[in-house]
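Trainee: The structure that follows is given in the form of structure tokens.
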2 protein chains.
Amino acid sequence: MSSPQPDTRNRILKAALELLEGNPHKETRMSDIAKRAGISRQAVYLHFTNRADLLIAATVYLDEITEVDAQLAQSRSAKTGPERLDAFIEAWGAHIPRIYGVAQALLAMKDTDEAAGLAWNNRMQAVRHGCAAAVAALERDHLLAADHSAKQATDILWTLLSVRNWEQLTGDCDWSQTDYIEQIKALARRVLLTAPPNG
Amino acid sequence: MSSPQPDTRNRILKAALELLEGNPHKETRMSDIAKRAGISRQAVYLHFTNRADLLIAATVYLDEITEVDAQLAQSRSAKTGPERLDAFIEAWGAHIPRIYGVAQALLAMKDTDEAAGLAWNNRMQAVRHGCAAAVAALERDHLLAADHSAKQATDILWTLLSVRNWEQLTGDCDWSQTDYIEQIKALARRVLLTAPPNG
DNA sequence: ATGTCAATTGACATGATGTCAAGTGCGTGC
DNA sequence: GCACGCACTTGACATCATGTCAATTGACAT
């Protein structure tokens, strides 16, 4: 563990994440990242072929160190459908602020860089699966509101939980993170459940 | 009215809108717009100082020719709160696909160009006012769900009606435009109204 | 004729990405 | 000790879009 050399790659990823989290709305350039990582701009290209490549790697790296998948999977342990729904919203909702910086950067490239778009869609499909699983749990408990098919319910939940919505609510609308979680949970129950949940 | 010269400006705007509507996800360059308008790239700068400037003007132009404000204002004529809510969602929901191309372009600049961001926020504030008015109408009729303050209800409705959500539902989720309108209306009623609306 | 004004052409600066070539410094194997 | 590979550096360069500037053209108006 005497750090031979290739932790540079990780240094770059960390630098990128720090910058992106620092000010998600400012364009973070390759040279900024390099500077922060303490290497030359060109050296970054020894580790990543692209800006997109780097950003994607950063997302993966972030997912790894925050263990999202584990967090999200944990919501599977909930007994009832509604509990599972809540657990999923809490897990994902708590994760959004952590990934927001990178997400923002990746989303900005989506239209110009195909690979970035695919990578982002991949991540979002994972979230969608979580939504679908929560909906399935509701359906199993015969608690899914009759006016939606499972697909529709999944679409709605998935859309509700989008990063952009989080951005708008916590940003433009000044909601706190806890407000966000609570409100979205209430909203989801209200929209997806067939009976009044707790009142 | 023998068209002295300055319909060029409008030609540019039309060209920009056509290109943006044609393929909203491809970057539309100044030279593309110029070519389509039948003038030189540099000539565009005789009419607009910026790409942002042009895009903003295009939004305004589009708003004018589609008469959104009139459409949205029309929802004021609805008698009951719920009718007003429906009318507003229909009007705005029908408008989104028309503005989607430009909106996309403007949103993409939001982070790099301050003026573009402001212009977009302005438009969105107008929508927000519509949301607030609909919520106020519900409140007046004592039909606003007790679990939300007027502000929260407005925030939710406004977020629900975002261009990004429309994009996700009609794009990624393959909803038809009519599905979109109907589902969102149902959703909004379910979330905002205090009593079951029609069943 | 003359002036104005829209538009044209061509050249150029800027700023970011990405590539390439030559060089430096360090550790390892022989 | 020496040579080699390897990560990295420096500097130059291509590309591409935006935006600017200067000189020119062509039409229309007085």
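Trainee: Summing Lys, Arg as +1 and Asp, Glu as -1, what charge do residues with Cβ under 14 Å from the Cβ of B:Leu118 carry, B:Leu118 excluded?
Mentor: -3
Trainee: Summing -39500 (n - 2.57) over the DSSP H runs of n ≥ 4 in chain B and dividing by its residue number, what mean residue ellipticity at 222 nm do you reach, to the nearest 500 deg cm²/dmol?
Mentor: Using -39500 (n - 2.57) per qualifying helix, the result is -22500 deg cm²/dmol.
Trainee: Filter chain B for me: DSSP H helices, axial length by Cα at least 20 angstrom, mean Kyte-Doolittle hydropathy not below 0.5. List them by residue number.
Mentor: The answer, listed by residue number, is B:51-66.
Trainee: Which of the pairs B:Lys26/B:Lys185; A:Lys151/B:Lys185; A:Lys110/B:Lys35; A:Lys26/B:Lys151; A:Lys79/A:Lys185; A:Lys35/B:Lys26 have their Cα atoms more than 24 Å apart in this structure?
Mentor: From B:Lys26/B:Lys185; A:Lys151/B:Lys185; A:Lys110/B:Lys35; A:Lys26/B:Lys151; A:Lys79/A:Lys185; A:Lys35/B:Lys26, over 24 Å: B:Lys26/B:Lys185; A:Lys110/B:Lys35; A:Lys26/B:Lys151; A:Lys35/B:Lys26.
Trainee: Shifting gears a bit: Please identify the longest segment of chain B free of exposed GluC sites (Glu not before Pro), where exposed means a DSSP state other than H, G, I, E or B and no more than 16 other Cβ atoms within 10 Å.
Mentor: B:68-199
Trainee: Comparing B:Ala132, B:Ala70, B:Ala58, which has the greatest mean-square fluctuation in the GNM of chain B with Cα pairs linked when under 10 Å apart?
Mentor: Result: B:Ala70 has the largest fluctuation of those listed.
Trainee: OK, next. First select every other residue whose beta carbon is under 12 angstrom from the beta carbon of B:Thr159; then total the charges, Lys and Arg +1, Asp and Glu -1.
Mentor: Taking every Cβ under 12 Å from that of B:Thr159, the sum is 0.
Trainee: In addition: For chain B, compute the orientation-averaged projected area of the C-alpha convex hull (one quarter of its surface), in nm².
Mentor: With the hull built on Cα positions only, its mean projection is 13.1 nm².
Trainee: Further, regarding this structure: Which order results if A:Ile184, A:Ile12 are arranged by neighbouring Cβ count within 10 Å, fewest first?
Mentor: A:Ile184, A:Ile12
Trainee: I would also like to ask the following. Relative contact order for region B:1-60: what percent, with Cα pairs under 8 Å and sequence separation of 6 or more?
Mentor: With pairs under 8 Å counted, the relative contact order is 36 percent.
Trainee: How big is the protein assembly as shown on each of its three principal axes, counting only the C-alpha atoms and giving the largest first in Å?
Mentor: For the protein assembly as shown, the Cα spread along each principal axis is 80, 60, 31 Å.
Trainee: What percentages, rounded to whole numbers, describe P(r) for region B:1-93 computed over all alpha carbon pairs with 5 Å bin width beginning at zero?
Mentor: Bin by bin from 0 Å, the calculated values are 3, 13, 19, 17, 13, 10, 9, 8, 5, 3, 0.
Trainee: On to the next question. What net charge do the residues around A:Asp63 carry, taking every other residue with its C-beta under 13 Å from that of A:Asp63, with Lys and Arg at +1 and Asp and Glu at -1?
Mentor: Once positives and negatives cancel, what remains is -1.
Trainee: What FRET efficiency comes out for the pair A:Arg29/B:Arg29, r = Cβ-Cβ distance, R0 = 22 Å, nearest 0.05?
Mentor: 0.55
Trainee: Hey, another quick one. Which FRET efficiency value, to the nearest 0.05, is calculated for A:Thr49 and A:Thr8 with the Förster distance at 25 angstrom and r the Cβ-Cβ distance?
Mentor: Efficiency at R0 = 25 Å is approximately 0.95.
Trainee: Which whole number gives the average count of other chain Cβ atoms within 10 Å of the Cβ atoms across peptide B:173-184?
Mentor: The mean count of partner-chain Cβ atoms within 10 Å per residue comes to 2.
Read-outs throughout are calculated quantities, based only on the coordinates presented, and are distinct from any laboratory measurement. All values derive from a computational prediction rather than experimental measurement. Reconstructed Cβ throughout: ideal geometry from the backbone, glycine too, with neighbour counts over all protein chains shown.
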